[in-house]
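First comes the structure, then the notes that go with it.
The values are calculated or read from the model by the stated rules, or taken from the named source; none is laboratory data. The shown structure was predicted, so the numbers you read here are calculated from the model rather than taken from an experiment. All Cβ positions, glycine included, derive from the backbone under ideal geometry; neighbour counts span all protein chains shown.
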Amino acid sequence: MIVAEDLYFSYSGAPPYVLEGLDLQVTDGAYISILGENGSGKSSLIKLILGLLSPTRGRIAVDERKRAYVPQQSDFADSRFPITVFEMLDSYRRLLGIKDKARVASALESVGMEAYAQRLIGALSGGQKQKVFIARALLGEPGLLVLDEPSAGVDVGSRREIYAYIKEMNLSRGMTILSVEHNLEAALRNSTAIYHMASGKGHSCDPATYAAEYLAIGEGRTS
C-alpha cells in the first residue's frame, strides 16, 4: 500500500533534511503506529503520504486512491462556528460528490454518534468531536485512514472508545491504519507494527520487540 525508498525531504529543497534516507513499507490491512520525539519528522512523513508534499529525493508511492485524514484540530471545532454535526458531515458528503445522503447517518452510527446529529459541533466534548471527525473521514469509504494523535485532548473513556472504533475498522473492514501516536499504551495494544522515528529516519518492528528493545534503553518516549 505504501512504499518509501531512500526518502529525503527538506522544506527548502536543500540540506539539512527533515527526512534523510528513510525507508517504509506498509502492507494492505496493516495498523501502523508512528512514534518518535518532536522534530523526528513524523508530521512531514504524513504530509508526504497524503500527497501534500513532494520528496526532495527518493521515492514514495501510495497504492490507494481513497485516503482519509483525521487531524488533531479542525476549524469546525470552534464553539463560535454555528454548524451542526449533520451539517458538517453533509457538506463534506457533497464536496466528495456522494449522492447517497444516508451515508452521513451510517458514518455517525459507525462511531456511536448518531444521536448527536443535530448538536452544534462546537458544543461537543473533545472525545465526541474526535468521533465526529473520524465519521467524516469514513464518508468516502477510504482504504487508508491516516490519523494524527487521535487521543490528544480526549478523556479516558472516549479514548478507549475511539481506539475500539479504529481497531474495528482495521479488523472488520480491512482498512489500513496509519496513526501518529503519543499514546504508547494504545500503540502497543492495537498496532500490527511500530514505526519508530528519530532524526529523520525510521525503523519498523513488531510491538513486542519495540517494548522490549526501545523502551528498555529509554528510546520509547513519544511526542
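Summed over segment 10-36, residues that are exposed (fewer than 14 other Cβ atoms within 10 Å of the Cβ) and of a type outside the set (A, V, I, L, M, F, W, C) total 7. Within segment 52-73, the set of residues being among the small types (Gly, Ala, Ser) and either surrounded by 18 or more Cβ atoms within 10 Å (Cβ to Cβ) or without any contact (Cβ under 8 Å) to a residue 12 or more places away in the chain (or both) comprises 54, 68.
Evaluated against (1) within 25 Å of residue 63 (Cβ to Cβ); (2) buried (at least 18 other Cβ atoms within 10 Å of the Cβ), residue 127 falls short on exactly one condition, (1). The sole residue among 119, 136 that is modelled with pLDDT of 90 or more, crowded, with 19+ Cβ neighbours inside 10 Å and more than 22 Å from residue 184 (Cα to Cα) is 136.
Of these, 194, 177, 166, which one is over 18 Å from residue 111 (Cα atoms), touching a helix residue (DSSP H, G or I) at 6+ places or on another chain (Cβ under 8 Å), crowded, with 22+ Cβ neighbours inside 10 Å and touching a residue at least 24 places away in the same chain (Cβ under 8 Å)? None of the others qualify; the one that does is 194. Could you please let me know if residue 202 is on the phi > 0 side of the Ramachandran plot and either buried (at least 18 other Cβ atoms within 10 Å of the Cβ) or modelled with pLDDT under 90 (or both)? So residue 202 does not fit the description; no.
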